[in-house]
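Accompanying notes for the structure given below.
The values are calculated or read from the model by the stated rules, or taken from the named source; none is laboratory data. Computed from a predicted structure; not experimentally measured. Reconstructed Cβ throughout: ideal geometry from the backbone, glycine too, with neighbour counts over all protein chains shown. These accessible areas exclude ligands, DNA and RNA; they are computed on the full protein's heavy atoms, side chains included. Shrake-Rupley method; radii C 1.70, N 1.55, O 1.52, S 1.80 Å.
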Amino acid sequence: MALTKWTHKSPWILLKIFLLGALNSFTIWAVPILISHKSYVFAGYFVISTIIIDFVFLSKKIIAGKYIIPGVLLLVAFTIYPAMFTGYIAFTNYSTGHTLDKKTAIDVLVSNSYESVGESAIYPAKVAKDDISGEFVFFVQIDKSNVVLSRKNSEVPVPNSEITFASDGTIEKVQGFTLLDDNAVFENSDELTSLYLSAGPGKVYQLADPTSVQELIQNLKYDPVKDEITNIITGNVYKPNDKGSMVDSAGEELEPGWQSTVGLFNFERIFKDPRYRAPMVQVLTWTFIFAFLVVLTTFFAGFLLALTFNHPKLKSKRIYRSLIIVPYAMPGVLSMLTWRGMYNEENGIINRVLGHQFPWLSDPTLAKVAILITQLWAGTPYMFLICTGAIQALSSEVIEAAQVDGASPRTVFWRIKLPLVLYSLTPLLIASYAYNFSNFNAIYLLTGGGPQIIESGGIAGHTDILISYTYRLAFTAGKGNDYGLASAVSFLNFFIIATISIYGFRKSKTVESMS
């Protein structure tokens, strides 16, 4: 049988087979793991994506799909799905204390519901490690002649024949176990202080100090038929509400709760709860002002520089233009951190030059001024580039005709050049406004949203814009993470930006049709 002819395409075919084989192998390995963790959406996505990629790249007809499909699949995974998931979270109570499902949350509530039965329930004890299993155990001396071995799921008496007592009556040695001295207990304190070992039905032992344990009793009991939790000691009855928590008649809430859908509750909190409404109005107002002033100042600075460096009598234009775009070429994170150091009240170079200690980052007004100055420096190169292109695209005949008619340079600027540049750059200016509306780095890296708005209780700052305010709600505000409320704010942010973007697209179409 003749051997297959080797051609210049053969290496690429082998590479394609190798990559597709690696992709299919990875899918076969990952899908069972995802299913075992109940991640059915991701498992289905992996399977469907792999089938589509196999079909497209093994087909000789679907040429365009080989370039489009990978990008579409990545778009779905890293853009569309996160956006949809964020939208879903906005209608849930997903936050600190509400991350579990209901069954798990109730199990955690009941299993951790222990309280001390009193000072009389503190016993001398020794912490030990089982020589075979390596687990920690307690040897509890109920009295001088009664010692019990406490493990996670059992409590058994220990014969005195297996124990060696010291002269003071304390346990000195136990067969099959290694007793821990005080130093060893302190070294393992993180694990031992959170260790609950059996003390009989409904009771546990917890380490009180290196030489004693305290007896705790379980005080919560769950009735699955009535779907309620009862505090055995106080008699309080806790029932589930529509916010994913067990509460009693007085409104006392047990934590943790569970994740559940809450409808428009998060949006109601934004507009009705005074804790969020007042800072929200202030943050939203500054967001609009910030984006407008950044676009306005950077446009005029870039436009004037573009006019200057486009003057026919100016020499060395390339050098000047190269210097202007240096801030645009620098990494944004590095730039913001550098400016933050320059604004330092005591050692910053700006205050050294001015000869006065201005509180740039701690005064609300000066902090906003500092942000606008920094964004003027960072955004002007971009405006300079697009304005340079727009100016060079202007019809010289129109300008020459105006000059022949006796128009002064000022008239040419205000009546011809500026209107024509604005006309052609309107879609880009709208896009720049939408970008600065969510310019997280400009705020977070420079001021962190501060200084704090005292009335907000620490959940908002004077320089926060909507996106940095969302970050605070999600990760740093209140008693923990409030992803549901943050997602609701993100939903509002998306709606505003989408409206601006749609307007920008319409303006683009208008410009195209008029061109």
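Return the residue satisfying two criteria in turn: it lies in the range 150-174 and is among the aliphatic types (A, V, I, L, M) and under 55 Å from the mean Cα position of the chain (by Cα), and of such residues it is most open to solvent (accessible area, probe 1.4 Å).
Val156
Could you figure out which of (1) exposed (fewer than 10 other Cβ atoms within 10 Å of the Cβ); (2) within 25 Å of Ala486 (Cβ to Cβ) isn't true of Thr79?
(1)
What do you reckon, is Val108 touching a residue at least 60 places away in the same chain (Cβ under 8 Å), touching a helix residue (DSSP H, G or I) at 6+ places or on another chain (Cβ under 6 Å) and more than 30 Å from Ile497 (Cβ to Cβ)?
Spelling it out, it is not the case that Val108 is touching a residue at least 60 places away in the same chain (Cβ under 8 Å), touching a helix residue (DSSP H, G or I) at 6+ places or on another chain (Cβ under 6 Å) and more than 30 Å from Ile497 (Cβ to Cβ).
Of everything in the range 136-148, what is open to solvent by less than 70 Å² (accessible area, probe 1.4 Å) and more than 18 Å from Ala121 (Cβ to Cβ)? Give them in sequence order. Steps first, please.
Our first condition is that a residue be open to solvent by less than 70 Å² (accessible area, probe 1.4 Å); within the range 136-148, this holds for 136-142, 146-148.
Matches in the range 136-148: Phe136, Val137.
Would you confirm whether any residue within the range 167-178 is out of contact with any Lys or Arg (no Cβ under 8 Å at 6 or more places or on another chain) and touching a residue at least 60 places away in the same chain (Cβ under 8 Å)?
Among the residues of the range 167-178, not one is out of contact with any Lys or Arg (no Cβ under 8 Å at 6 or more places or on another chain) and touching a residue at least 60 places away in the same chain (Cβ under 8 Å), which makes the answer no.
List the residue pairs whose Cβ atoms are under 8 Å apart, where the first residue sits in the range 275-299 and is within 19 Å of Tyr444 (Cβ to Cβ), the second is open to solvent by 60 Å² or more (accessible area, probe 1.4 Å) and of a type in the set (A, V, I, L, M, F, W, C), and the two are 6 or more positions apart or on different chains.
Met280/Phe271; Val294/Leu376
Among Thr170, Thr211, which is the only one that is over 30 Å from Met246 (Cβ atoms), hydroxyl-bearing (Ser, Thr, Tyr) and modelled with pLDDT of 85 or more?
Values: Thr170 fails: modelled with pLDDT of 85 or more.
Unique residue meeting the criteria: Thr211.
Being in a loop (DSSP other than H, G, I, E, B) and touching a Ser or Thr at 6+ places or on another chain (Cβ under 6 Å) is the filter here, so list the residues in the range 231-257 that pass it.
We begin by selecting, within the range 231-257, every residue in a loop (DSSP other than H, G, I, E, B); these are 232-236, 241-245, 248-252, 255-257.
Of everything in the range 231-257, those that are in a loop (DSSP other than H, G, I, E, B) and touching a Ser or Thr at 6+ places or on another chain (Cβ under 6 Å) turn out to be Gly244, Gly257.
Read through the list (1) closer than 18 Å to Tyr382 by Cβ; (2) open to solvent by 40 Å² or more (accessible area, probe 1.4 Å); (3) of a type in the set (Gly, Ala, Ser), then give the number of the only condition that Ser432 fails.
Just one mismatch for Ser432, condition (2).
Could you tell me whether the range 458-475 includes any residue that is closer than 20 Å to Ile289 by Cα, open to solvent by 10 Å² or more (accessible area, probe 1.4 Å), not in a helix (DSSP H, G or I) and not aromatic (Phe, Trp, Tyr)?
Yes, there is a match, as at least one residue in the range 458-475 is closer than 20 Å to Ile289 by Cα, open to solvent by 10 Å² or more (accessible area, probe 1.4 Å), not in a helix (DSSP H, G or I) and not aromatic (Phe, Trp, Tyr).
Pick from the range 292-307 the residues that are open to solvent by 10 Å² or more (accessible area, probe 1.4 Å), of a type in the set (A, V, I, L, M) and within 19 Å of Tyr320 (Cβ to Cβ): which of them is farthest from the chain's Cα centre (by Cα)?
Ranking the candidates gives Leu307 first.
Considering Phe55, Phe85, which residue is of a type in the set (A, V, I, L, M, F, W, C) and open to solvent by less than 100 Å² (accessible area, probe 1.4 Å)? Give the steps one after another, and end with the answer.
Details: Phe55 fails: open to solvent by less than 100 Å² (accessible area, probe 1.4 Å).
Residue meeting the stated conditions: Phe85.
If I ask for residues that are within 28 Å of Pro201 (Cβ to Cβ) and assigned to a loop (DSSP other than H, G, I, E, B), which ones from the range 145-169 would you list? Walk me through how you get there before you give the answer.
So the first thing to find is which residues in the range 145-169 are within 28 Å of Pro201 (Cβ to Cβ), and the list is 145-163.
Residues satisfying the conditions are Ser145, Arg151, Lys152, Asn153, Ser154, Val158, Pro159.
Hey, could you check the range 442-457 for residues that are among the small types (Gly, Ala, Ser) and over 18 Å from the mean Cα position of the chain (by Cα) and say which is most open to solvent (accessible area, probe 1.4 Å)?
In this case the residue turns out to be Gly457.
Go through the range 341-354 and report how many residues are of a type in the set (Gly, Ala, Ser) and outside any helix (DSSP H, G or I).
Final tally of qualifying residues: 1.
Working only within the range 331-354, note down all residues that are over 16 Å from Leu446 (Cα atoms) and surrounded by 11 or more Cβ atoms within 10 Å (Cβ to Cβ).
Matches in the range 331-354: Asn351, Arg352.
Criterion first (within 22 Å of Phe78 (Cβ to Cβ), polar (S, T, N, Q) and assigned to a helix (DSSP H, G or I)) does Ser25 satisfy it?
Values: within 22 Å of Phe78 (Cβ to Cβ): no; polar (S, T, N, Q): yes; assigned to a helix (DSSP H, G or I): yes.
For Ser25, the condition - within 22 Å of Phe78 (Cβ to Cβ), polar (S, T, N, Q) and assigned to a helix (DSSP H, G or I) - is not met.
Let's see how each residue does on (1) farther than 18 Å from Ser95 by Cα; (2) surrounded by 14 or more Cβ atoms within 10 Å (Cβ to Cβ); (3) not hydrophobic (A, V, I, L, M, F, W, C):
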| residue | (1), (2), (3) |
| --- | --- |
| Pro279 | yes, yes, yes |
| Val283 | yes, yes, no |
| Phe290 | yes, yes, no |
| Lys315 | yes, no, yes |
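Of the residues Leu307, Leu334, Leu394, Leu376, only one is closer than 27 Å to Asn436 by Cβ, of a type outside the set (Ser, Thr, Tyr) and without any contact (Cβ under 8 Å) to a residue 12 or more places away in the chain; which? Quick ask: steps written out before the conclusion?
Working: Leu307 fails: without any contact (Cβ under 8 Å) to a residue 12 or more places away in the chain; Leu394 fails: without any contact (Cβ under 8 Å) to a residue 12 or more places away in the chain; Leu376 fails: without any contact (Cβ under 8 Å) to a residue 12 or more places away in the chain.
Exactly one residue qualifies, and that residue is Leu334.
Take the range 100-144 and flag every residue that is of a type outside the set (D, E, K, R), touching a strand residue (DSSP E or B) at 6+ places or on another chain (Cβ under 6 Å) and in a helix (DSSP H, G or I).
Across the range 100-144, the qualifying residues are Ala105, Ile106, Leu109, Val110, Ala121.
Residue by residue through the range 184-207, note down the ones that are assigned to a strand (DSSP E or B) and open to solvent by less than 50 Å² (accessible area, probe 1.4 Å).
From the range 184-207, those assigned to a strand (DSSP E or B) are 197-198, 203-207; that's our starting set.
Scanning the range 184-207 gives Leu197, Ser198, Val204, Tyr205, Gln206, Leu207.
Does Val127 satisfy the condition of being in contact with a Lys or Arg (Cβ under 8 Å, 6 or more places away or on another chain) and surrounded by 13 or more Cβ atoms within 10 Å (Cβ to Cβ)? Write out each step before concluding.
On the way: in contact with a Lys or Arg (Cβ under 8 Å, 6 or more places away or on another chain): no; surrounded by 13 or more Cβ atoms within 10 Å (Cβ to Cβ): yes.
Criteria not met by Val127.
Would you be able to say whether some residue in the range 355-376 is out of contact with any helix residue (DSSP H, G or I) (no Cβ under 8 Å at 6 or more places or on another chain), closer than 14 Å to Leu445 by Cα, assigned to a helix (DSSP H, G or I) and open to solvent by 40 Å² or more (accessible area, probe 1.4 Å)?
no
Residue by residue through the range 241-256, note down the ones that are out of contact with any helix residue (DSSP H, G or I) (no Cβ under 6 Å at 6 or more places or on another chain), open to solvent by less than 50 Å² (accessible area, probe 1.4 Å) and in contact (Cβ under 8 Å) with a residue 12 or more places away in the chain.
Of everything in the range 241-256, those that are out of contact with any helix residue (DSSP H, G or I) (no Cβ under 6 Å at 6 or more places or on another chain), open to solvent by less than 50 Å² (accessible area, probe 1.4 Å) and in contact (Cβ under 8 Å) with a residue 12 or more places away in the chain turn out to be Gly244, Ser245, Met246, Asp248.
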